[in-house]
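Just below is one structure, and these are the notes that go with it.
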Amino acid sequence: MTLSFEGATEPMGPAGDDAVRPFAVEALDVRGRAIQMGPALDAILARHDYPPPVARLLAEAIVLAVLLGSSLKFNGKFILQTDSDGLVDMLVVDYRTTGGVRAYARFDRDGIDAAEAAGQADAGTLLGRGTLAMTIDQGANMSRYQGVVPLEGGTLEDVAHTYFRQSEQIPTRVRLAVAEMQTRAGGVVRSAWRAGGLVVQFLPDAPERMRRRDLPGGDVPADLRVDDAILDDDAWVEAQSLVGTVQDDELTDPAVPVEHLLYRLFSQRGVRVFRAAPIRDQCSCSRDKVTGVLATFTAEEIAESVEGGAITVTCEFCGKRYRFDPGEFAGSGGRR
Ligand SMILES: [Zn+2]
């Protein structure tokens, strides 16, 4: 048996679109998650009129946030956010451990058009220089954890690798891919976004395997980096080389379920898959939350927010509009 299902009382089928499939390859001390995203991703992207290069970049960020956030073992939120000088100067993805995802990108439309025309709309150029922050939020009264890595002209895969090397010190490979596919329903052809991704991490039970075997006849140099120390572990070398064979279309093709990909990669070693967790296109905004923000405004800020006799707040994530009577707010929040 080389692909076994864990924790199931009956055979499980493919996870299908928009569900994260955790897996483990015990022979290689590797654990990971894989996903293909379809309708939930397309709904998030279709809500905004993103130019295709921006939609692709945001799709990658969504898959990355889902792959990383779905490892959390408590109720909370995983937030991936970029802040940079690129044509896409901000990407935000919120993943809630209940499976809800929301995301949006802020971008320079004229600049993107020009970059596309010049054939320079690659991820590194779009992101530019700046930072990518990953925040784990366990809710009120709990400490937040944040890891920040520099954006230096690479792809989001590159940034993820830097993050795990510098912040987490866990050997990690990430693959992300995005595709725009034509679908035909009732004779109508439309294009829809799909994406897929895979994260594989080397997590040996034996802690000494996370340290380098000593150098011949000498002590381990004090400045030896942790990543150097485990790069030569045979199991991790093998796992990385297998992940290196993954083609983009294998990650996005609806005819190649993630279980098939995992089987192709790891069946020689035996791979166990665990119960898949569904992902939903779901914003967390509400009238109450917007009211709470407006309640902190000063009288001057409230006055400045009134247009046409009302205060209208539009959610940047889902586009929902909330309309308020300015009289609802005393405008004293700043002084309370
Ligand atoms: Zn919203």
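Assorted remarks:
- Check on Ile79, modelled with pLDDT under 95, under 14 Å from the mean Cα position of the chain (by Cα) and either buried (at least 16 other Cβ atoms within 10 Å of the Cβ) or not in a helix (DSSP H, G or I) (or both): no
- Conditions (1) assigned to a strand (DSSP E or B); (2) crowded, with 17+ Cβ neighbours inside 10 Å; (3) in contact (Cβ under 8 Å) with a residue 60 or more places away in the chain: number failed by Leu132: (3)
- Any hit, segment 256-279, residues being within 21 Å of Thr172 (Cα to Cα), away from the ligand (no atom under 16 Å from the Cβ) and of a type in the set (Asp, Glu): yes
- Residue selected from segment 305-321 under the condition assigned to a loop (DSSP other than H, G, I, E, B) and either of a type in the set (A, V, I, L, M) or more than 27 Å from Val101 (Cα to Cα) (or both), by the criterion farthest from the ligand (Cβ to nearest atom): Gly309
- Residue selected from segment 245-298 under the condition in a loop (DSSP other than H, G, I, E, B) and touching a Lys or Arg at 6+ places or on another chain (Cβ under 8 Å), by the criterion farthest from Val178 (Cα to Cα): Cys285
- Ala105 passes every criterion in (1) outside any helix (DSSP H, G or I); (2) more than 16 Å from the ligand (Cβ to nearest atom); (3) modelled with pLDDT of 95 or more; (4) of a type in the set (Gly, Ala, Ser) apart from (2).
- Checking each residue in segment 287-304 for being under 22 Å from Ile79 (Cα atoms) and either away from the ligand (no atom under 15 Å from the Cβ) or in contact (Cβ under 8 Å) with a residue 24 or more places away in the chain (or both) picks out Arg287, Val290.
- Among the residues here, Val88 does not qualify as under 10 Å from the mean Cα position of the chain (by Cα) and either of a type outside the set (Ser, Thr, Tyr) or farther than 19 Å from Ala179 by Cα (or both).
- First in segment 146-168 and farther than 16 Å from Ala133 by Cβ, second anywhere and acidic (Asp, Glu), Cβ under 6 Å, 6 or more apart: Arg165/Asp227
- Among the residues making up segment 136-161, those that are of a type in the set (Val, Ile, Thr) and in contact with a Gly (Cβ under 8 Å, 6 or more places away or on another chain) are Ile136, Thr155.
- Unmet requirement for Val30, which otherwise passes all of (1) in contact (Cβ under 8 Å) with a residue 24 or more places away in the chain; (2) within 18 Å of Ser284 (Cα to Cα): (2)
The values are calculated or read from the model by the stated rules, or taken from the named source; none is laboratory data. Being a predicted model, the structure only gives us computed values, none of them experimental. Note that we place each Cβ from the backbone using ideal geometry, even for glycine, and neighbour counts take in every protein chain shown.
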